[in-house]
Amino acid sequence: MSADQAQALQDWYPDDFSHCFGCGRLNAHGHQLKTRVEGEETVSLFRPSPEHMAVPGFVYGGLLASLLDCHGMATASAAALREAGHSVGEAPSPRYVTAMLHVDFVRPTPVGHVLEIRGRLEEFTSRKVKVSAWIMADGETTARASIVAVPMPEKMRERSHAERPPVIAPT
């Protein structure tokens, strides 16, 4: 099955944890990044809009870091599912949060191209997942990241359940 036919990990995050600006399916104002498993890698596609510009013609680096961050958390989720013997959609996608994100901006990322974000598992333990991820525009790598993801801490889960954010609909 190709990546565009596969189910997105974010579509299987529990509703209480689907409000992320970068990848939350319940946040209509966010990027709604969709990460799919493709063999040993994960892949997402994203088309930056003109408002994502840093200087004329080039994407804002903060957006690139955000895309790498969300993609890294989904890659960790995919690894946890695989470790438990599940495929995407057979069980809720476990939620991870960022413990470390290091981004190297390799070359300017042009606006007007669909960005391909890829990730790969580097190390998996029950306490942390190390992921590498990169962004390509028109076949050229423009940014790389080293990411450490950890399972969402219980305190965050408790607070999230207590505050239960509403579905953020477009205005």
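The values are calculated or read from the model by the stated rules, or taken from the named source; none is laboratory data. Computed from a prediction, not measured in an experiment: that's the story for all the values here. Every residue, glycine as well, gets a Cβ built from its backbone with ideal geometry; the counts of neighbours run over all protein chains shown.
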### Summary
The correct count of residues that are in contact with a strand residue (DSSP E or B) (Cβ under 8 Å, 6 or more places away or on another chain), among the polar types (S, T, N, Q) and either without any contact (Cβ under 8 Å) to a residue 40 or more places away in the chain or not in a loop (DSSP other than H, G, I, E, B) (or both) in region 88-125 is 1
### Query
Within the bounds of region 73-81, is there any residue that is part of a loop (DSSP other than H, G, I, E, B), surrounded by 20 or more Cβ atoms within 10 Å (Cβ to Cβ), in contact (Cβ under 8 Å) with a residue 40 or more places away in the chain and in contact with a strand residue (DSSP E or B) (Cβ under 8 Å, 6 or more places away or on another chain)?
no
### Query
When the residues of region 140-171 are filtered to those that are at pLDDT 95 or above, out of contact with any helix residue (DSSP H, G or I) (no Cβ under 7 Å at 6 or more places or on another chain) and farther than 25 Å from Ala84 by Cα, which remaining residue is surrounded by the fewest Cβ atoms within 10 Å (Cβ to Cβ)?
Glu140
### Message
All but one of (1) assigned to a helix (DSSP H, G or I); (2) modelled with pLDDT under 95; (3) of a type outside the set (A, V, I, L, M) hold for Asp69; state the number of the condition that does not hold.
### Response
(2)
### Query
Taking region 16-46 as the search range and keeping residues that are of a type in the set (Lys, Arg) and touching a strand residue (DSSP E or B) at 6+ places or on another chain (Cβ under 7 Å), which one is farthest from Cys70 (Cα to Cα)?
Arg36
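For region 4-66, which strands (runs of 3 or more DSSP E) that fit wholly inside it have 1 or more residues that are at pLDDT 95 or above and closer than 19 Å to Met152 by Cβ?
Details: elements: 36-38, 41-46, 53-55.
Ranges flagged: 41-46.
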